[in-house]
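Below is one structure; the comments refer to it alone.
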Amino acid sequence: MKAKNSPVRFRIGKNGFFKGVVIAFAFSCVIPLLFILAYIIKAGITKINWNFLVNVPKPVGESGGGIANALLGSIIIIAVAAVIAIPIGILGGIYLSENRKSKLAYWARLSIDILQGVPSIVIGIVAYFWLVKPFGGFSSVSGSIALAIMMLPIVVRSTEETLKLLPDTLREAGFALGMPFHRVVLKVIVPCGISGILSGVMLSIARIAGETAPLLFTAFGNPYLSTSLTKPMQSLPLLIFNYATSPYNDWHDLAWGASCILLIFVLVLNIFTKIITRKWKVQL
Amino acid sequence: MKTFENEAVIARGDSPRVITGSNTGKLKKTNREKHSNRQIWTESVFRRLLFIMGVLMVVLVLGIMFTLIVQSVPSIKALGAGFLWGKVWDPVRDIYGAFPFLLGTLLTSFLALAISIPFSFAVGIFLGEYYPKGWLPDLLKNTVELIAAVPSVIYGFWGLAVLVPIVRSFESGIGEPPIGVGIFTSSLILSIMIIPYAASLGRSMIQMVPSHLKEAAYSLGATRWEVIKSVILPYVKSGLFAGVLLSLGRALGETMAVTMVIGNTSGIPKSIFAPGNTMASVIANEFTEADRTVYLSALIELGLVLFLVTVVINMIGKKIISRFTND
């Protein structure tokens, strides 16, 4: 009896064992993330106060100072990138969803796929040759354009995927009323898919907010407060990179505070997007 | 093909205007006609705008490729194919060999893949097969996806502050020189960063396994693990491979986190604990310092290689996915 049962028991035991292994491995993925979150927030949150937000960094040796230049710089660079990428991305997504079979749409879709996988440092190199070298100097607008190129595939893809899911009857109802094409698209189709488009836009902003590599050769960084689009500009990720790799403790403190702010911004944007996509029931 | 499309767009936009135009040529325009003429004009402009956006996307990618190729011509001319196999990188003496960086990139990426694969597959199996629904799997899924959201410069900073000392004491424990920074540390950071890519793809692939296959195996008395091992995994093999490829593509191009913890030395790494450089990290470090044409151009050629490799890997991955989902 025992001899007959033992292979079965062995198989059941093996089943349970591997279930345990899978669960253990799956949940241990979360541990490093939690460690990182806890560490950054613990190290950063004590550095953040009013002076930290409104002052520019002090020279080495003087304590205090803040990251106002990087905060403002990040906001400006991201805003300009968004202004460039969002209209182009949405129109591009509309083009792809309205022309599913055309030859150009095939190549455009392929290009977007390629663009999505291009390493960010390569985008930085290209932006340097397109915008920095011809105009004779690092500028924040070149950084914005580099980031806009990184945003583009996400916005295009989410727009296309959202609009593809809308039933054709919506479109046809509009045409049946005699609406011209642009009015059908802008007044019927885009409003119906606006939730998905917005989620894509927010995800893309969350993604570029932490990008450093494309800014290294374009916005370059600046220890002073600057609002000029044609001059070098500091941004949060650049500040973190430069100060984290410096040997000074004061600068490390600034970098921890900046990391904390950047991390919270990016995570809140991501979680917010997840919540509203669930509420609006959009598929991304 | 392009011209054909362009004509089609113009024809669609223009033909109604021709008809109304012939009417309004003689008679006085009514308000309604003016209005519809304006609408037709806007429509053709809108269609052309959309078309231009489509062209723009293609031009953008071609432009990126073109710029990289043109800018690396001086290095290709001066150094030839030996560039990729040259073992010494010494800009001071004008010697440029990319082999240390190729090796560094391959070592970090594949080591990171090897570390991350068990974890990402476990997440995929757990969420795809064991518990597809419920609040706990949902929480796990969202948390794993957040791993991809953390900026890479923050991973780098955390690695520098936390991981490097740990690796240093580990190294002195096993008798390696206790440097802390190096290929191994970069691989650890990378392996965390690339978990979500293979995991989320694996999950959606595993969920697509037809239930009649699984039920057939269960009806023969198979345990759940046996179903996973001999039905599900063979079925989604290619999908999992695609997920691994996408992770690899991400690992190859990752710049900031690696730059911060790899140590940035240009020799050939002697062991996996030695400091080194990857293609991306050497570009990040030396691009703004490169003062000679060939030096700069050699760095861009590295960028071109990186670009082509990631494009090929991503394309193969996407091809496998689309074939899998169309079946």
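Condition test on B:Thr30, is it β-branched (Val, Ile, Thr) and modelled with pLDDT of 90 or more? Outline the logic, then answer.
Numbers: β-branched (Val, Ile, Thr): yes; modelled with pLDDT of 90 or more: no.
No.
Could you say whether any residue in region B:165-181 is surrounded by fewer than 17 Cβ atoms within 10 Å (Cβ to Cβ) and within 24 Å of A:Ile41 (Cβ to Cβ)? Don't jump to the end; show me each part of the working.
Step one: list which residues in region B:165-181 are surrounded by fewer than 17 Cβ atoms within 10 Å (Cβ to Cβ), which gives B:165-166, B:169-170, B:172-175, B:177-178.
With the extra rule that they be within 24 Å of A:Ile41 (Cβ to Cβ), the set shrinks to B:165-166.
Looking for residues that are surrounded by fewer than 17 Cβ atoms within 10 Å (Cβ to Cβ) and within 24 Å of A:Ile41 (Cβ to Cβ), one finds at least one in region B:165-181, hence yes.
Is there a residue in region A:138-152 that is within 21 Å of A:Ala70 (Cβ to Cβ), assigned by TED's automatic domain parsing to the domain that holds A:Ile240 and part of a loop (DSSP other than H, G, I, E, B)?
Yes, the conditions are met somewhere in region A:138-152.
Which of the residues that make up region B:267-285 are more than 11 Å from every other protein chain (Cβ to nearest Cβ) and surrounded by 19 or more Cβ atoms within 10 Å (Cβ to Cβ)?
Once the filter is applied, which keeps residues that are more than 11 Å from every other protein chain (Cβ to nearest Cβ) and surrounded by 19 or more Cβ atoms within 10 Å (Cβ to Cβ), region B:267-285 yields B:Pro269, B:Phe273, B:Ala274, B:Pro275, B:Gly276, B:Asn277.
For the list (1) closer than 22 Å to B:Trp85 by Cα; (2) more than 10 Å from every other protein chain (Cβ to nearest Cβ), I need the number of the one condition that B:Val311 fails.
Only one criterion in (1) closer than 22 Å to B:Trp85 by Cα; (2) more than 10 Å from every other protein chain (Cβ to nearest Cβ) is unmet by B:Val311, namely (2).
Report, by residue number, each residue of region A:106-147 that is touching a residue at least 40 places away in the same chain (Cβ under 8 Å) and among the polar types (S, T, N, Q).
Within region A:106-147, A:Gln116, A:Ser120, A:Ser139, A:Ser140, A:Ser142, A:Ser144 qualify.
Given the conditions (1) in a helix (DSSP H, G or I); (2) more than 7 Å from chain A (Cβ to nearest Cβ); (3) farther than 15 Å from B:Val258 by Cα, and given that B:Lys133 satisfies all but one, which numbered condition is not satisfied?
That leaves (1) as the condition not met.
So, of the residues in region B:66-78 that are closer than 23 Å to A:Gly117 by Cα and buried (at least 17 other Cβ atoms within 10 Å of the Cβ), which turns out to be farthest from the other protein chains (Cβ to nearest Cβ)?
Applying the filter and picking the extreme gives B:Ser72.
Among the residues of region A:201-253 satisfying the criterion of being among the polar types (S, T, N, Q) and under 21 Å from A:Gly44 (Cα atoms), which is surrounded by the most Cβ atoms within 10 Å (Cβ to Cβ)?
Let us first name the residues in region A:201-253 that are among the polar types (S, T, N, Q), namely A:204, A:212, A:218, A:222, A:226-228, A:230, A:234-235, A:242, A:245-246, A:249.
Applying the additional criterion that residues be under 21 Å from A:Gly44 (Cα atoms) yields A:212, A:234-235, A:242, A:245-246, A:249.
Values: A:Thr212: 28, A:Gln234: 29, A:Ser235: 32, A:Asn242: 19, A:Thr245: 16, A:Ser246: 14, A:Asn249: 10.
Among those residues, the one meeting the criterion is A:Ser235.
Would you mention how many residues in region A:185-200 are buried (at least 21 other Cβ atoms within 10 Å of the Cβ) and within 16 Å of A:Arg157 (Cβ to Cβ)?
5
Any residue at all in region B:217-228 that is crowded, with 21+ Cβ neighbours inside 10 Å and either modelled with pLDDT of 95 or more or farther than 11 Å from B:Leu190 by Cα (or both)?
Narrowing region B:217-228 to residues crowded, with 21+ Cβ neighbours inside 10 Å: B:227-228.
Remaining after also requiring either modelled with pLDDT of 95 or more or farther than 11 Å from B:Leu190 by Cα (or both): B:227-228.
Looking through region B:217-228, at least one residue is crowded, with 21+ Cβ neighbours inside 10 Å and either modelled with pLDDT of 95 or more or farther than 11 Å from B:Leu190 by Cα (or both).
I'm told B:Phe83 meets every condition in (1) surrounded by 18 or more Cβ atoms within 10 Å (Cβ to Cβ); (2) away from chain A (no Cβ under 14 Å); (3) within 30 Å of B:Pro234 (Cβ to Cβ) except one. Can you identify the failing condition by its number?
Only one criterion in (1) surrounded by 18 or more Cβ atoms within 10 Å (Cβ to Cβ); (2) away from chain A (no Cβ under 14 Å); (3) within 30 Å of B:Pro234 (Cβ to Cβ) is unmet by B:Phe83, namely (3).
The values are calculated or read from the model by the stated rules, or taken from the named source; none is laboratory data. Remember, predicted model here, so these are calculated numbers, not experimental data. Cβ atoms come from the backbone with ideal geometry, glycine included; neighbour counts cover every protein chain shown.
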